[in-house]
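**Q** Can you read through this structure? Questions will come right after.
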Amino acid sequence: MNAIKLLPKSVAEKIAAGEVVERPASVVKELVENSIDAGAKRITVEIERGGVSLIRVTDDGCGIAAEDVPTAFLRHATSKIKVENDLDSIATLGFRGEALAAISAVSKVQLITSDGNGIGTVFSIEGGENGQLDEIGCAKGTIISVSELFYNVPARMKFLKKDVSEGNAVAAVIDRLALSHPDIAFVFIRDGKRTLVTSGDGKLLNVIYNVLGRDFASSLIEVNYELSGIKVSGYICKPIACRPNRNYQFMFLNGRFVKSGTAAAALDNAYKNSAMIGKYPAALLNVYVPFDSVDVNVHPAKTEVRFSDEKKIFDSIYFACKSALAAADTRPEIVPQRPYVKANKAAINEYKQLLIGTAAESDKLFEKNVPHPASENKVQSNVDFNDSGLFIADVKEYLNATVEPSKAQPQTPPATIFEKPATHKETEEDKPQVRFIGEAFRTYIIAEMNDSIYLIDKHAAHERILFEQLKNRKAGSQLLISPVSVTLTKNEYETIVSNLPVLLDAGFETEDFGNGVVVVRTVPANLSGEDVGDMMSDIADSLSSKGKVELERLEEIYHRVACRSAIKAGNTSSALELSRLAERVLTNNDILYCPHGRPVAFEISRRNLEKHFGRIQ
Ligand code: ADP
Ligand code: MG
């Protein structure tokens with residue numbers, strides 16, 4: 001066997017460097033974190049060729065005194081820890097005193113710095129060897145340039161991706177750093193082009209606008225919450241703006257970007273039954289945990305974080321988001337588009353004829369400039385008149401109605417968790433009046449309340465109401481006149497038989513008859529007896545995916561029952577039925593989404609209509 005030898009210093013440094021410096025993005029992260037720790041208010045990052053040929057970070061922080069410069073490049077050299085106890089209460093970002101040593105071991109570094117006392121310093125070092133120190137005139141702050149990363153470690157070089165990918169990874173790091181420091185003005189220059197500028201005005205929403213774009217910034221709800229010492233603040237998206245992946249989920253723990261399965265789960269749970277299935281909430285959350293109360297285990301160079309008390313973190317994030325969503329619950333609004341109406345002059349004229357009968361009469365009405373619901377948008381221009389005798393009469397009434405002074409929408413007091421805001425006793429007068437106008441495509445109820453018109457998806461609305469009834473055990477179950485025996489496929493049968501207690505809980509008293517047959521004695525009150533066979537297959541299908549906890553399985557059953565029992569789009573419904581449904585939906589702020597997260601109703605406000613018709617600016 002070979003004799004044991006110490007590795008030469010240069011080799012040892014390169015190995016150590018590998019832990020900190022994986023790719024240009026990790027260098028940028030370390031350097032910018034140093035600038036942040038140095039109290040910088042302005043930080044500029046420039047990269048060339050994805051950061052492989054050059055990374056330059058310029059800051060206006062405290063700088064480094066000339067005599068400290070060479071020390072800063074030694075391993076375990078740091079100005080951030082003095083005694084061992086400090087390790088417990090570290091608040092700065094980088095704290096292992098090895099970034100500069102590691103980076104300089106695998107690249108060519110030039111540091112220009114001044115602490116504002118006397119002349120500045122320039123220090124050049126290549127591959128961690130033979131540092132050259134000189135004087136240079138410069139302003140307070142630091143400029144560090146890292147060139148030819150991995151020039152002396154070809155093996156590492158091979159692992160780098162294309163310049164574009166490395167550059168994108170750097171951009172992602174800067175996005176996160178900018179998002180977690182709204183009080184610092186960031187500039188990011190990629191191959192000579194400025195790709196990000198933030199103002200440093202301290203407003204998180206402004207950084208979100210700069211980093212993630214205008215559309216995203218306009219879909220957000222503010223979060224501000226504290227639970228047993230854990231503070232959660234930031235922004236989450238409206239349920240309707242959920243996204244197809246988790247790319248827009250940012251969590252910062254005590255100012256540092258982290259990934260946490262617990263946080264993601266808490267977020268998902270807060271949106272349960274309001275986000276569409278397969279879509280993920282977008283969120284930017286700052287979580288502050290007292291350094292000494294929760295044990296946070298996060299590798300400084302990695303982002304995955306674990307907490308000693310995961311439940312506490314879950315609860316704080318869950319309740320923070322849930323209460324923000326509850327306070328912000330509003331129906332999505334359709335804003336009419338001007339160009340559409342221009343293209344449909346002919347349709348409007350057709351309507352005038354159709355609605356009023358004679359052209360002369362209709363013109364008179366139009367001259368009165370009364371808001372006209374029929375010319376509003378696509379949906380209404382195709383209303384099925386035969387389907388609702390009420391429609392024509394009601395529109396006439398609507399057209400003749402004098403415009404009432406606007407009644408303010410009832411204000412919802414800020415909701416505390418789950419407890420519905422203490423409602424004062426509602427008198428008949430307080431109750432907003434819902435007026436049923438008609439139905440379009442045998443699917444959408446058109447109704448009016450306060451100063452808005454609403455389009456309600458009748459199936460989604462009914463399904464949600466039934467789902468809530470089932471969940472709150474309001475529906476109860478009914479004994480079938482004669483028990484129904486259902487023959488199932490092998491898989492269905494096995495699933496049903498192993499879920500008998502859950503089924504019973506949901507209102508289905510079901511007995512195993514052996515050989516693929518089950519007998520159903522009771523069903524939830526709102527399900528018709530004829531549907532039992534199909535219902536059982538449906539339920540078996542929804543329960544077959546493993547790993548669901550009992551509550552989830554119960555909810556699955558409620559979904560299926562509600563879906564099956566609800567009135568269907570395309571079916572004929574009576575005006576009375578629809579008008580009741582509209583009233584239920586519009587006077588109950590809980591019914592905003594169907595159990596699968598599709599919106600139940602869209603609002604078109606009078607204000608928007610009036611803007612659209614040019615009656616107001
Ligand atoms: P650490 O950040 O863990 O202390 P580093 O190797 O990243 O270790 O940096 C070493 C030291 O160099 C820091 O403790 C700090 O004193 C100094 N330093 C590095 N970058 C800067 C900067 N941009 N401005 C001021 N001081 C800096
Ligand atoms: Mg550092």
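The values are calculated or read from the model by the stated rules, or taken from the named source; none is laboratory data. In this text, all values refer to a predicted model and were calculated from it rather than measured experimentally. Quick reminder, even Gly has a Cβ in these numbers, built from the backbone with ideal geometry, and neighbours come from all protein chains shown. Only protein heavy atoms, including side chains, enter the accessible area calculation; ligands, DNA and RNA are left aside. Shrake-Rupley method; radii C 1.70, N 1.55, O 1.52, S 1.80 Å.
**Q** In whole angstrom, how far apart do the alpha carbon centroids of region 114-143 and region 556-594 sit?
**A** Using only Cα atoms, the two centres lie 71 Å from each other.
**Q** In addition: Any number yet on Rg/Rh for region 458-617, C-alpha, Kirkwood?
**A** My calculation of the ratio gives 1.11.
**Q** Taking a 24 Å limit on the Cα-Cα distance, which of the listed pairs LYS193/LYS238; LYS231/LYS322; LYS259/LYS322; LYS231/LYS259; LYS29/LYS272; LYS322/LYS471 fall beyond it?
**A** LYS193/LYS238; LYS29/LYS272
**Q** Once the Cα gyration tensor of region 169-229 is found, what semi-axes does its equivalent ellipsoid get, as square roots of 5 times the eigenvalues, in whole Å, sorted largest first?
**A** 24, 13, 11
**Q** If each residue of separation counts as 0.36 nm, what is the full-extension length gain between ARG243 and LEU74 once their alpha-carbon separation is subtracted?
**A** 56.3 nm
**Q** Any idea of the accessible area per residue across region 182-310, 1.4 Å probe, to the nearest Å²?
**A** Result: 48 Å² per residue.
**Q** In terms of solvent-accessible area of protein heavy atoms at a 1.4 angstrom probe, what is the ranking of TYR225, TYR209, highest value first?
**A** Greatest to least solvent exposure: TYR209, TYR225.
**Q** Sorted from largest down, give the three principal axis spans of the alpha carbons of region 480-534, whole angstrom values.
**A** Here the Cα extents, ordered largest to smallest, are 28, 20, 16 Å.
**Q** Another question, if that's okay. So how long is each side of region 139-178 along the principal axes, counting just the alpha-carbon atoms, biggest first, in Å?
**A** Taking the Cα atoms of region 139-178, the three principal extents are 38, 24, 12 Å.
**Q** May I have the extent of the alpha carbons of region 203-328 along their three principal axes, as whole Å values ordered from largest to smallest?
**A** Here the Cα extents, ordered largest to smallest, are 38, 30, 25 Å.
**Q** Given a Förster radius of 51 Å and the C-beta distance between ASN224 and VAL517 as r, what FRET efficiency does 1/(1 + (r/R0)^6) yield to the nearest 0.05?
**A** Given R0 = 51 Å and the Cβ-Cβ separation, E is 0.35.
**Q** Leaving ligands and nucleic acids out of the surface, order LEU204, LEU284 by accessible area at 1.4 Å, largest first.
**A** LEU204, LEU284
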